[in-house]
Amino acid sequence: LLMGLIKQNKRSLAAQQQWREAAQRDSLTGVMNRAAFDTYFQHAWKDAARHEKPLSLLLLDLDGFKPINDTLGHAIGDVVLQDFAHCLQKAARTSDTVARLGGDEFVIICPELGDLNHIRDFCDRLFAQIARITVPHNPDLIVGASVGIATFPRDANTPSTLLERADAAMYHAKRN
């Protein structure tokens with residue numbers, strides 16, 4: 001009886017762990033969701049500030065995503081979002097965290113990435129991955145993205161300001 005209770009308890013704990021992990025993931029793309037991002041970003045910020053290390057935030061938005069959904073349908077749009085998330089994860093370093101904030105907006109938290117040459121190299125890898133995305137039923141359609149980058153401590157002294165600066169940089173990139 002005792003062994004049965006122990007096994008049942010282990011299964012229950014495993015199920016709880018799976019539930020917790022699922023609650024932190026975006027159900028469509030599998031990357032971290034907005035709520036989990038908010039918590040993780042605060043921890044990453046505190047760690048960077050405590051150890052006086054840089055922290056970069058890359059905010060990305062798919063260019064021309066609305067027409068994909070409007071003309072090809074949401075199922076195709078979902079595939080594009082999944083491919084986009086996969087590209088971001090593939091380009092990211094093991095220390096980086098990819099999250100979907102909502103819609104077609106994603107973020108990458110990059111601890112200890114502050115040197116402009118390293119950021120440029122990272123973005124080159126990122127855009128090389130994004131260039132490989134093909135749209136089902138319309139392979140001639142090119143998927144692009146706009147990215148805004150902000151880095152602690154150079155660009156901001158609070159987490160909310162860092163996010164605001166990355167957002168402003170992304171919209172500046174989108175306009176241009």
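The values are calculated or read from the model by the stated rules, or taken from the named source; none is laboratory data. Quick caveat, the model's predicted, so the values are computed rather than measured. Positions of Cβ are backbone-derived with ideal geometry, glycine not excepted, and every protein chain shown enters the neighbour counts. Remember, those area values only see protein heavy atoms, side chains included, never the ligands or the DNA or RNA. Shrake-Rupley method; radii C 1.70, N 1.55, O 1.52, S 1.80 Å.
In terms of Cα atoms, the Rg and Dmax of the chain work out to 18.7, 68 Å. For region 59-133, the mean projected area of the C-alpha convex hull, equal to one quarter of the hull surface, is 4.9 nm². Think of a 1.4 Å ball rolled over the protein heavy atoms: the chain then has 58 Å² of accessible area per residue. Summary of packing: across the peptides 129-136, 154-161, the per-residue average of other C-beta atoms within 10 Å ranks them, highest first, as 129-136, 154-161. Estimated at 0.36 nm per residue, the fully extended path between ALA75 and LYS90 surpasses their Cα-Cα distance by 3.1 nm.
Sort the following peptides by mean Cβ neighbour count (other Cβ atoms within 10 Å, averaged over residues), highest first: 163-170, 106-113.
106-113, 163-170
The accessible surface of region 120-166, taken with every protein chain in place and a 1.4 Å probe, is 52 percent carbon and sulfur. Full extension of the chain between ASN176 and GLN82 gives 31.3 nm of extra length, using 0.36 nm per residue less the Cα-Cα distance. Heavy-atom accessible area for LYS90, with the other protein chains in place and a 1.4 Å probe, reaches approximately 130 Å².
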